[in-house]
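See below for the structure under consideration.
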Amino acid sequence: MNASGPADPAFCHIPPYDSTDGPEVAALAKLAGLPPDPAQELALDAIFAQAGGRSAAFEIALISSRQNIKTATFKMAALGWLFITGERLVVWSAHEFRTAQEAFRDLEELITGSDYLRAEVRNIFRGNGDESVELLSGSRLIFKTRTKGGGRGLSGNKVILDEGFALRPMHMGALLPTLSAQKDPQVVYGSSAGLADSDVLRGIRDRGRPGGDPRLAWIEFCAPPPAQVCAAGERCTHALGAEGCGCDDPAQWAKANPALGIRISPEYIASERRALPPSEFARERMGWWDEPLEGGTPISAAEWAACADPQSVIDGPLALGFAVAPDGSSAAVAAAGRRGDGLNHGELVEHRPGTSWLIPRVLELAGAHDPVVLVFNPAGAAGAFERELVEHKFAAKPGPGERRLQVTGMREFAQACGALAQDVSNGLWRHLGQHPLDEAVKGARTRPLTDAWAWSWKNSAADIAPLEAVTLARHGYMTHGVHSTPQPAVF
(Lines give C-alpha, C1' and ligand atoms only; values in the text may rest on other atoms or scores of the structure.)
Protein backbone atom coordinates (compact mmCIF):
# COMPACT_ATOMS: atom_id res chain seq x y z
CA MET A 1 0.00 0.00 0.00
CA ASN A 2 1.27 3.48 -0.80
CA ALA A 3 0.22 6.78 0.66
CA SER A 4 -1.15 9.49 -1.57
CA GLY A 5 -1.47 13.23 -1.35
CA PRO A 6 0.81 15.89 0.06
CA ALA A 7 2.00 13.76 2.98
CA ASP A 8 3.56 10.93 0.98
CA PRO A 9 6.23 9.09 2.97
CA ALA A 10 9.50 8.14 1.30
CA PHE A 11 8.85 4.54 2.38
CA CYS A 12 5.41 3.17 3.15
CA HIS A 13 4.59 -0.53 3.41
CA ILE A 14 1.47 -1.68 5.27
CA PRO A 15 0.34 -5.33 5.36
CA PRO A 16 -2.91 -6.04 3.48
CA TYR A 17 -6.02 -5.64 5.62
CA ASP A 18 -9.76 -6.19 5.49
CA SER A 19 -10.85 -3.16 7.53
CA THR A 20 -9.48 -0.51 9.86
CA ASP A 21 -10.73 1.41 12.88
CA GLY A 22 -8.39 4.26 11.90
CA PRO A 23 -11.17 6.68 10.85
CA GLU A 24 -13.09 6.06 14.08
CA VAL A 25 -9.95 6.69 16.13
CA ALA A 26 -9.26 9.84 14.10
CA ALA A 27 -12.80 11.08 14.88
CA LEU A 28 -12.25 10.41 18.58
CA ALA A 29 -8.96 12.30 18.52
CA LYS A 30 -10.68 15.23 16.85
CA LEU A 31 -13.35 15.17 19.54
CA ALA A 32 -10.56 15.35 22.15
CA GLY A 33 -9.08 18.42 20.46
CA LEU A 34 -6.31 16.62 18.57
CA PRO A 35 -7.40 16.44 14.91
CA PRO A 36 -5.07 14.28 12.79
CA ASP A 37 -3.47 15.50 9.59
CA PRO A 38 -3.23 13.23 6.50
CA ALA A 39 0.06 11.65 7.56
CA GLN A 40 -1.34 10.81 10.99
CA GLU A 41 -4.52 9.38 9.46
CA LEU A 42 -2.34 7.08 7.36
CA ALA A 43 -0.51 5.88 10.47
CA LEU A 44 -3.76 5.32 12.38
CA ASP A 45 -5.13 3.26 9.49
CA ALA A 46 -2.02 1.05 9.71
CA ILE A 47 -2.11 0.67 13.48
CA PHE A 48 -5.81 -0.21 13.63
CA ALA A 49 -5.95 -2.32 10.47
CA GLN A 50 -7.55 -5.77 10.84
CA ALA A 51 -7.00 -8.92 8.78
CA GLY A 52 -8.44 -12.32 9.54
CA GLY A 53 -9.79 -11.29 12.94
CA ARG A 54 -6.55 -9.83 14.31
CA SER A 55 -4.33 -6.79 13.81
CA ALA A 56 -2.82 -6.83 10.33
CA ALA A 57 0.52 -5.58 11.67
CA PHE A 58 2.27 -6.91 14.76
CA GLU A 59 4.94 -4.19 14.45
CA ILE A 60 4.33 -0.63 13.27
CA ALA A 61 7.26 1.77 12.84
CA LEU A 62 6.78 5.49 12.36
CA ILE A 63 10.00 7.33 11.45
CA SER A 64 10.08 11.08 10.90
CA SER A 65 11.78 14.27 12.00
CA ARG A 66 10.90 15.69 15.38
CA GLN A 67 7.67 17.59 16.06
CA ASN A 68 6.04 16.21 12.91
CA ILE A 69 3.86 13.17 13.46
CA LYS A 70 5.05 10.56 15.95
CA THR A 71 4.06 11.65 19.44
CA ALA A 72 0.67 13.04 18.47
CA THR A 73 -0.12 9.84 16.55
CA PHE A 74 0.80 7.77 19.61
CA LYS A 75 -1.57 9.86 21.72
CA MET A 76 -4.37 9.24 19.21
CA ALA A 77 -3.59 5.52 19.16
CA ALA A 78 -3.60 5.38 22.97
CA LEU A 79 -7.04 7.04 23.03
CA GLY A 80 -8.27 4.53 20.46
CA TRP A 81 -6.98 1.55 22.40
CA LEU A 82 -8.48 2.81 25.66
CA PHE A 83 -11.85 4.16 24.52
CA ILE A 84 -12.65 2.25 21.32
CA THR A 85 -11.02 -1.18 21.25
CA GLY A 86 -10.88 -1.46 25.07
CA GLU A 87 -7.39 -2.93 25.43
CA ARG A 88 -6.62 -4.36 28.86
CA LEU A 89 -3.18 -2.77 29.15
CA VAL A 90 -1.36 -0.21 26.99
CA VAL A 91 2.27 0.58 27.82
CA TRP A 92 4.00 3.73 26.64
CA SER A 93 7.77 3.63 27.10
CA ALA A 94 10.54 6.08 26.31
CA HIS A 95 14.29 6.18 26.66
CA GLU A 96 14.19 9.23 28.93
CA PHE A 97 11.91 9.78 31.93
CA ARG A 98 11.18 13.35 30.84
CA THR A 99 9.83 12.19 27.48
CA ALA A 100 7.46 9.67 29.05
CA GLN A 101 6.34 12.20 31.66
CA GLU A 102 5.57 14.88 29.05
CA ALA A 103 3.57 12.38 27.01
CA PHE A 104 1.54 11.48 30.12
CA ARG A 105 0.82 15.12 30.91
CA ASP A 106 -0.31 15.86 27.37
CA LEU A 107 -2.58 12.82 27.27
CA GLU A 108 -4.01 13.62 30.70
CA GLU A 109 -4.87 17.10 29.46
CA LEU A 110 -6.63 15.68 26.41
CA ILE A 111 -8.70 13.26 28.49
CA THR A 112 -9.63 15.63 31.29
CA GLY A 113 -10.40 18.38 28.78
CA SER A 114 -13.16 16.30 27.17
CA ASP A 115 -16.43 15.73 29.02
CA TYR A 116 -17.01 12.55 27.01
CA LEU A 117 -13.62 11.01 27.80
CA ARG A 118 -13.40 12.25 31.38
CA ALA A 119 -16.68 10.52 32.25
CA GLU A 120 -15.06 7.14 31.48
CA VAL A 121 -12.06 7.63 33.82
CA ARG A 122 -11.77 5.83 37.14
CA ASN A 123 -8.37 7.09 38.25
CA ILE A 124 -5.38 9.08 37.01
CA PHE A 125 -2.19 8.38 38.93
CA ARG A 126 0.40 11.13 38.87
CA GLY A 127 3.23 9.49 40.81
CA ASN A 128 6.83 10.22 39.91
CA GLY A 129 7.51 7.29 37.62
CA ASP A 130 4.11 5.62 38.20
CA GLU A 131 1.98 7.73 35.87
CA SER A 132 -1.08 5.90 34.56
CA VAL A 133 -4.69 6.25 33.46
CA GLU A 134 -7.38 3.72 34.45
CA LEU A 135 -10.86 3.64 32.95
CA LEU A 136 -14.12 2.38 34.42
CA SER A 137 -13.96 -0.43 31.87
CA GLY A 138 -10.70 -1.67 33.41
CA SER A 139 -8.51 -0.55 30.50
CA ARG A 140 -5.21 0.92 31.65
CA LEU A 141 -2.46 3.06 30.12
CA ILE A 142 0.86 3.18 31.95
CA PHE A 143 4.02 5.15 31.24
CA LYS A 144 7.45 3.62 31.72
CA THR A 145 11.08 4.55 31.25
CA ARG A 146 13.27 1.89 29.69
CA THR A 147 16.11 0.91 32.00
CA LYS A 148 19.25 -1.17 31.97
CA GLY A 149 17.08 -4.00 33.19
CA GLY A 150 15.71 -4.27 29.66
CA GLY A 151 12.09 -4.52 28.60
CA ARG A 152 10.74 -6.23 31.70
CA GLY A 153 7.69 -4.42 32.96
CA LEU A 154 6.78 -3.28 29.44
CA SER A 155 4.53 -6.22 28.60
CA GLY A 156 1.03 -5.21 27.54
CA ASN A 157 -1.51 -5.83 24.83
CA LYS A 158 -0.18 -2.77 23.02
CA VAL A 159 3.30 -1.35 23.57
CA ILE A 160 4.60 2.00 22.34
CA LEU A 161 8.39 2.20 22.13
CA ASP A 162 9.11 5.90 21.71
CA GLU A 163 12.67 7.15 21.02
CA GLY A 164 13.36 3.99 19.05
CA PHE A 165 16.86 5.14 18.13
CA ALA A 166 17.90 4.26 21.69
CA LEU A 167 16.48 0.70 21.72
CA ARG A 168 19.00 -1.97 22.68
CA PRO A 169 18.92 -5.74 22.14
CA MET A 170 18.34 -6.31 25.86
CA HIS A 171 15.09 -4.31 25.66
CA MET A 172 13.76 -6.40 22.82
CA GLY A 173 15.03 -9.67 24.24
CA ALA A 174 13.19 -9.04 27.47
CA LEU A 175 10.02 -7.63 25.90
CA LEU A 176 9.07 -9.70 22.87
CA PRO A 177 8.85 -13.15 24.56
CA THR A 178 6.41 -11.71 27.13
CA LEU A 179 4.01 -10.69 24.37
CA SER A 180 3.49 -14.27 23.25
CA ALA A 181 0.82 -14.79 25.90
CA GLN A 182 -1.01 -11.55 25.07
CA LYS A 183 -4.16 -11.45 22.98
CA ASP A 184 -3.45 -9.71 19.65
CA PRO A 185 -0.31 -7.88 20.80
CA GLN A 186 1.24 -4.97 18.91
CA VAL A 187 4.50 -3.05 19.19
CA VAL A 188 4.65 0.49 17.83
CA TYR A 189 8.05 2.11 17.28
CA GLY A 190 8.59 5.83 16.94
CA SER A 191 11.84 7.59 16.18
CA SER A 192 13.72 10.15 14.20
CA ALA A 193 16.44 8.81 11.89
CA GLY A 194 18.79 6.35 13.58
CA LEU A 195 22.21 7.04 15.05
CA ALA A 196 25.33 5.10 14.12
CA ASP A 197 24.72 2.73 17.06
CA SER A 198 20.94 2.33 16.56
CA ASP A 199 21.39 -1.34 15.73
CA VAL A 200 17.90 -2.48 16.80
CA LEU A 201 16.08 0.24 14.88
CA ARG A 202 18.33 -0.28 11.86
CA GLY A 203 17.43 -3.95 11.83
CA ILE A 204 13.75 -3.05 11.81
CA ARG A 205 14.39 -0.54 9.03
CA ASP A 206 16.14 -3.13 6.91
CA ARG A 207 13.07 -5.35 7.20
CA GLY A 208 10.59 -2.51 6.76
CA ARG A 209 11.87 -0.48 3.83
CA PRO A 210 11.73 -3.33 1.30
CA GLY A 211 8.23 -4.23 2.46
CA GLY A 212 8.78 -7.96 2.60
CA ASP A 213 7.87 -8.60 6.24
CA PRO A 214 4.23 -9.80 6.30
CA ARG A 215 3.38 -8.26 9.70
CA LEU A 216 5.53 -5.13 9.80
CA ALA A 217 4.12 -1.74 8.81
CA TRP A 218 6.87 0.75 7.97
CA ILE A 219 6.14 4.46 7.44
CA GLU A 220 9.18 6.72 7.02
CA PHE A 221 9.45 10.36 6.03
CA CYS A 222 12.85 11.51 4.80
CA ALA A 223 14.48 13.51 2.03
CA PRO A 224 16.11 11.63 -0.85
CA PRO A 225 19.73 10.67 -0.08
CA PRO A 226 22.57 13.18 -0.59
CA ALA A 227 23.62 11.42 -3.79
CA GLN A 228 20.34 12.62 -5.32
CA VAL A 229 19.91 16.10 -3.83
CA CYS A 230 23.42 17.46 -3.13
CA ALA A 231 25.65 18.87 -5.86
CA ALA A 232 28.64 17.10 -4.30
CA GLY A 233 26.67 13.89 -3.78
CA GLU A 234 27.87 11.64 -0.97
CA ARG A 235 30.97 13.80 -0.57
CA CYS A 236 28.91 16.78 0.59
CA THR A 237 29.74 17.79 4.17
CA HIS A 238 26.35 19.54 4.55
CA ALA A 239 28.14 22.47 6.18
CA LEU A 240 26.27 25.78 6.13
CA GLY A 241 27.19 27.40 2.85
CA ALA A 242 28.18 24.17 1.08
CA GLU A 243 27.28 24.85 -2.55
CA GLY A 244 24.28 22.91 -3.81
CA CYS A 245 23.60 21.10 -0.51
CA GLY A 246 20.14 19.56 -0.26
CA CYS A 247 19.94 20.74 3.35
CA ASP A 248 19.31 24.25 1.98
CA ASP A 249 16.43 23.21 -0.31
CA PRO A 250 12.93 23.84 1.11
CA ALA A 251 11.53 21.29 -1.34
CA GLN A 252 13.60 18.61 0.39
CA TRP A 253 12.54 19.87 3.82
CA ALA A 254 8.92 19.24 2.80
CA LYS A 255 9.62 15.62 1.90
CA ALA A 256 11.12 14.93 5.33
CA ASN A 257 8.67 17.01 7.36
CA PRO A 258 4.98 16.23 6.75
CA ALA A 259 3.99 18.92 9.26
CA LEU A 260 5.72 21.68 7.27
CA GLY A 261 3.17 24.41 6.76
CA ILE A 262 0.87 22.82 9.37
CA ARG A 263 2.78 22.89 12.65
CA ILE A 264 6.29 23.81 11.47
CA SER A 265 7.15 26.91 9.46
CA PRO A 266 9.84 27.15 6.76
CA GLU A 267 11.25 30.11 8.65
CA TYR A 268 11.84 27.97 11.71
CA ILE A 269 13.63 25.26 9.73
CA ALA A 270 15.78 27.92 8.09
CA SER A 271 16.75 29.16 11.55
CA GLU A 272 17.46 25.59 12.64
CA ARG A 273 19.71 25.15 9.60
CA ARG A 274 21.83 28.09 10.72
CA ALA A 275 21.96 27.02 14.35
CA LEU A 276 22.41 23.22 14.24
CA PRO A 277 25.65 21.39 13.46
CA PRO A 278 25.41 19.95 9.92
CA SER A 279 25.31 16.33 11.09
CA GLU A 280 22.45 17.07 13.49
CA PHE A 281 20.41 18.93 10.88
CA ALA A 282 20.97 16.17 8.34
CA ARG A 283 19.70 13.52 10.73
CA GLU A 284 17.04 15.37 12.71
CA ARG A 285 15.49 17.48 9.96
CA MET A 286 16.38 15.74 6.66
CA GLY A 287 15.84 12.22 8.03
CA TRP A 288 19.26 10.91 6.93
CA TRP A 289 20.46 8.02 9.04
CA ASP A 290 23.90 7.76 10.59
CA GLU A 291 25.11 4.45 9.20
CA PRO A 292 27.62 2.09 10.84
CA LEU A 293 30.97 3.27 9.58
CA GLU A 294 34.18 1.73 8.40
CA GLY A 295 37.26 2.24 10.52
CA GLY A 296 37.67 2.28 14.25
CA THR A 297 36.56 4.67 16.95
CA PRO A 298 39.75 5.08 18.98
CA ILE A 299 38.33 7.73 21.36
CA SER A 300 35.36 6.46 23.33
CA ALA A 301 32.54 8.82 24.24
CA ALA A 302 33.00 8.07 27.95
CA GLU A 303 36.74 8.79 27.91
CA TRP A 304 36.28 11.99 25.95
CA ALA A 305 33.53 13.18 28.30
CA ALA A 306 35.75 12.44 31.30
CA CYS A 307 38.38 14.83 29.91
CA ALA A 308 35.99 17.79 29.66
CA ASP A 309 36.79 20.81 31.86
CA PRO A 310 35.06 24.07 30.86
CA GLN A 311 37.45 26.03 33.13
CA SER A 312 40.63 24.63 31.62
CA VAL A 313 43.20 27.10 30.24
CA ILE A 314 46.67 26.90 28.72
CA ASP A 315 49.52 28.09 30.96
CA GLY A 316 52.59 29.02 28.96
CA PRO A 317 53.39 28.66 25.27
CA LEU A 318 50.90 27.30 22.81
CA ALA A 319 50.76 25.88 19.30
CA LEU A 320 48.16 26.51 16.62
CA GLY A 321 46.83 24.02 14.08
CA PHE A 322 44.30 24.33 11.28
CA ALA A 323 42.38 21.94 9.05
CA VAL A 324 40.15 22.29 6.01
CA ALA A 325 37.32 20.05 4.79
CA PRO A 326 38.19 18.24 1.54
CA ASP A 327 35.68 20.31 -0.46
CA GLY A 328 36.59 23.56 1.28
CA SER A 329 33.14 23.85 2.82
CA SER A 330 34.54 24.49 6.29
CA ALA A 331 37.76 25.04 8.20
CA ALA A 332 38.87 25.05 11.82
CA VAL A 333 41.66 26.56 13.91
CA ALA A 334 42.68 25.09 17.26
CA ALA A 335 45.20 25.75 19.99
CA ALA A 336 47.03 23.34 22.28
CA GLY A 337 49.41 23.63 25.17
CA ARG A 338 49.86 22.57 28.77
CA ARG A 339 48.01 23.51 31.92
CA GLY A 340 49.60 24.52 35.18
CA ASP A 341 49.00 21.02 36.57
CA GLY A 342 50.91 19.42 33.70
CA LEU A 343 47.90 18.05 31.79
CA ASN A 344 47.72 18.69 28.06
CA HIS A 345 44.97 20.99 26.84
CA GLY A 346 43.39 21.58 23.43
CA GLU A 347 40.55 23.80 22.33
CA LEU A 348 38.73 24.85 19.21
CA VAL A 349 39.36 28.54 18.53
CA GLU A 350 37.38 28.97 15.31
CA HIS A 351 35.17 26.81 13.10
CA ARG A 352 33.33 28.41 10.22
CA PRO A 353 31.93 27.62 6.78
CA GLY A 354 34.18 28.25 3.82
CA THR A 355 37.85 29.27 3.89
CA SER A 356 38.00 32.99 3.01
CA TRP A 357 38.26 33.83 6.68
CA LEU A 358 40.94 31.26 7.54
CA ILE A 359 44.28 32.97 6.86
CA PRO A 360 43.23 36.39 8.23
CA ARG A 361 42.14 34.66 11.46
CA VAL A 362 45.35 32.62 11.66
CA LEU A 363 47.42 35.78 11.25
CA GLU A 364 45.35 37.53 13.92
CA LEU A 365 45.86 34.67 16.39
CA ALA A 366 49.55 34.41 15.61
CA GLY A 367 50.01 38.11 16.28
CA ALA A 368 48.07 37.96 19.54
CA HIS A 369 49.55 34.76 21.02
CA ASP A 370 52.97 34.25 19.38
CA PRO A 371 52.57 30.45 18.98
CA VAL A 372 55.63 28.21 19.05
CA VAL A 373 54.46 26.72 15.74
CA LEU A 374 51.59 26.66 13.25
CA VAL A 375 50.82 23.13 12.01
CA PHE A 376 48.77 21.81 9.11
CA ASN A 377 48.51 18.68 6.97
CA PRO A 378 49.21 19.49 3.30
CA ALA A 379 47.81 16.18 2.01
CA GLY A 380 44.31 17.62 1.76
CA ALA A 381 42.67 20.93 1.01
CA ALA A 382 44.78 22.72 3.63
CA GLY A 383 47.81 22.35 1.37
CA ALA A 384 46.46 25.10 -0.87
CA PHE A 385 47.29 27.67 1.82
CA GLU A 386 50.99 26.90 2.20
CA ARG A 387 52.17 29.50 -0.34
CA GLU A 388 50.06 32.22 1.27
CA LEU A 389 51.49 31.39 4.69
CA VAL A 390 55.03 31.55 3.33
CA GLU A 391 54.25 34.97 1.89
CA HIS A 392 53.23 36.01 5.41
CA LYS A 393 56.64 34.93 6.75
CA PHE A 394 55.89 31.46 8.04
CA ALA A 395 58.75 29.04 7.45
CA ALA A 396 59.86 25.53 8.40
CA LYS A 397 63.20 27.00 9.55
CA PRO A 398 62.28 30.51 10.58
CA GLY A 399 64.78 33.31 10.39
CA PRO A 400 64.55 36.76 11.96
CA GLY A 401 61.00 38.13 11.77
CA GLU A 402 59.52 34.76 10.69
CA ARG A 403 57.24 32.31 12.45
CA ARG A 404 57.61 28.55 12.54
CA LEU A 405 55.46 26.52 10.16
CA GLN A 406 55.21 22.73 10.51
CA VAL A 407 53.97 20.64 7.60
CA THR A 408 53.11 17.08 8.63
CA GLY A 409 53.71 14.08 6.42
CA MET A 410 51.39 11.07 6.49
CA ARG A 411 53.42 9.12 9.04
CA GLU A 412 53.79 12.15 11.28
CA PHE A 413 50.06 12.86 11.05
CA ALA A 414 49.30 9.27 12.01
CA GLN A 415 51.59 9.62 15.02
CA ALA A 416 49.76 12.80 16.00
CA CYS A 417 46.37 11.04 15.79
CA GLY A 418 47.53 8.11 17.90
CA ALA A 419 49.17 10.36 20.49
CA LEU A 420 45.97 12.36 21.04
CA ALA A 421 43.94 9.16 21.45
CA GLN A 422 46.46 7.89 24.00
CA ASP A 423 46.31 11.16 25.94
CA VAL A 424 42.52 10.86 26.15
CA SER A 425 42.64 7.18 27.10
CA ASN A 426 45.23 7.84 29.84
CA GLY A 427 43.36 10.83 31.27
CA LEU A 428 46.14 13.25 30.32
CA TRP A 429 43.98 15.47 28.10
CA ARG A 430 41.59 18.31 28.85
CA HIS A 431 39.17 20.14 26.58
CA LEU A 432 36.36 22.65 27.06
CA GLY A 433 33.41 20.53 25.96
CA GLN A 434 32.83 22.53 22.78
CA HIS A 435 29.96 21.15 20.71
CA PRO A 436 31.62 21.17 17.24
CA LEU A 437 34.66 19.37 18.66
CA ASP A 438 32.53 16.92 20.62
CA GLU A 439 30.53 16.14 17.48
CA ALA A 440 33.72 15.66 15.48
CA VAL A 441 35.06 13.18 18.03
CA LYS A 442 31.74 11.32 18.12
CA GLY A 443 31.53 11.03 14.34
CA ALA A 444 35.21 10.50 13.56
CA ARG A 445 36.43 7.26 12.08
CA THR A 446 39.85 6.14 10.95
CA ARG A 447 41.65 4.78 7.94
CA PRO A 448 44.36 2.14 8.32
CA LEU A 449 47.97 2.78 7.37
CA THR A 450 50.79 0.24 7.21
CA ASP A 451 51.27 0.02 10.96
CA ALA A 452 49.16 2.90 12.24
CA TRP A 453 45.93 4.81 11.59
CA ALA A 454 44.77 8.35 10.91
CA TRP A 455 41.51 10.29 10.89
CA SER A 456 39.44 9.62 7.78
CA TRP A 457 37.22 12.24 6.17
CA LYS A 458 35.69 9.62 3.88
CA ASN A 459 34.62 7.28 6.67
CA SER A 460 33.54 9.86 9.24
CA ALA A 461 29.96 10.88 9.97
CA ALA A 462 30.77 14.47 10.93
CA ASP A 463 32.83 17.48 9.95
CA ILE A 464 36.12 16.47 11.57
CA ALA A 465 38.01 19.71 10.84
CA PRO A 466 37.82 20.67 14.57
CA LEU A 467 39.33 17.32 15.61
CA GLU A 468 42.06 17.40 12.97
CA ALA A 469 42.98 20.96 13.95
CA VAL A 470 43.25 20.02 17.64
CA THR A 471 45.27 16.92 16.75
CA LEU A 472 47.76 19.02 14.77
CA ALA A 473 47.98 21.75 17.42
CA ARG A 474 48.74 19.17 20.11
CA HIS A 475 51.42 17.61 17.92
CA GLY A 476 52.98 21.00 17.30
CA TYR A 477 53.12 21.83 20.97
CA MET A 478 54.65 18.48 21.90
CA THR A 479 57.26 18.94 19.18
CA HIS A 480 58.19 22.60 19.65
CA GLY A 481 56.76 23.67 23.01
CA VAL A 482 59.22 25.20 25.51
CA HIS A 483 59.02 26.01 29.21
CA SER A 484 58.54 29.62 30.07
CA THR A 485 56.80 31.80 32.62
CA PRO A 486 53.16 30.63 32.68
CA GLN A 487 50.76 33.03 30.99
CA PRO A 488 47.11 32.00 30.66
CA ALA A 489 45.91 32.04 27.07
CA VAL A 490 42.27 33.04 26.74
CA PHE A 491 40.62 33.18 23.32
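Taking a probe of 1.4 Å, how large is the accessible area per residue of the chain, in Å²? Here the residues of the chain average 43 Å² of exposed surface.
Once the convex hull of all Cα atoms in the chain is built, its volume per residue stands at 162 Å³.
With kT/(6 pi eta Rh) evaluated at 20 °C and eta = 1.002 mPa s, and Rh the Kirkwood radius from Cα pairs, region 331-381 diffuses with a coefficient of 173 µm²/s according to Stokes-Einstein.
Each distinct pair of alpha carbons in region 42-186 adds a 1/r term; the inverse of their mean, the Kirkwood radius, is 15.6 Å. Its DSSP H runs of at least 4 residues, each contributing -39,500 (n - 2.57), put the calculated 222 nm mean residue ellipticity of the chain at -9500 deg cm²/dmol, to the nearest 500. Its Cα gyration tensor gives region 198-272 an equivalent ellipsoid. The semi-axes, each the square root of 5 times an eigenvalue, are 27, 18, 10 Å from largest down. In terms of its alpha-carbon gyration tensor, region 162-222 comes out oblate; a/c meets the 1.5 threshold, while b/c is at least as large as a/b. With loop membership from DSSP and a limit of 15 other Cβ atoms within 10 Å, the longest segment of the chain without GluC sites (Glu not before Pro) is 121-242.
Of the peptides 192-204, 447-459, the order by per-residue mean of other Cβ atoms within 10 Å, starting with the highest, comes out as 192-204, 447-459. Of all DSSP bridge pairs formed entirely within the chain, close to 50 percent run antiparallel.
Karplus-derived 3J(HN,Hα) values for region 442-447, using 6.51 cos²θ - 1.76 cosθ + 1.60 with θ = phi - 60°, are 5, x, 6, 10, 10, 10 Hz; glycine and proline are entered as x. Of all DSSP bridge pairs formed entirely within region 310-433, close to 65 percent run antiparallel. Once all protein chains are placed together, THR145 keeps about 50 Å² accessible to a 1.4 angstrom probe.
Ordered from highest to lowest accessible area with the whole protein assembly present and a 1.4 Å probe, TYR17, TYR189 read as TYR17, TYR189. The percentage of C-alpha pairs in region 160-300 whose separation is greater than 21 Å is 52%. Only one residue of SER137, SER114, VAL91 has its Cα farthest out toward the positive end of the dipole of region 79-137, where Lys and Arg carry +1 and Asp and Glu -1 on Cβ, and that residue is SER137. P(r) tail for region 315-437: Cα pairs beyond 16 Å make up 64% of the total. Values of log10 I(q)/I(0) for region 380-484 across q = 0.11, 0.13, 0.23, 0.24 Å⁻¹ run -0.40, -0.55, -1.36, -1.40, by the Debye formula with one identical scatterer at each alpha carbon and no solvent.
Using all pairs of distinct alpha-carbon atoms, the Kirkwood hydrodynamic radius of region 42-93 works out to 12.0 angstrom. Summarising the strand pairing of region 47-169, around 50 percent of its internal DSSP beta bridges are antiparallel. Pull up the cross-link candidates among the lysines for LYS158, meaning alpha carbon to alpha carbon under 26 Å and not fewer than 8 places away within one chain. Those lysines meeting the cut-off are LYS30, LYS70, LYS75, LYS144, LYS148, LYS183. Heavy-atom surface analysis with a 1.4 Å probe gives the chain a carbon and sulfur content of 51 percent of its accessible area.
P(r) for region 70-124, from all Cα pairs and a bin width of 5 Å, is 4, 17, 30, 29, 15, 5, 0 %, short bins first.
The values are calculated or read from the model by the stated rules, or taken from the named source; none is laboratory data. Just so it is clear, the structure is predicted and the values come from calculations on it, not from any experiment. Glycine also receives a Cβ, built like all others from the backbone with ideal geometry; neighbour counts cover every protein chain displayed. Note: accessible area is taken over every heavy atom of the protein model, side chains too, but ligands, DNA and RNA are not part of it. Shrake-Rupley method; radii C 1.70, N 1.55, O 1.52, S 1.80 Å.
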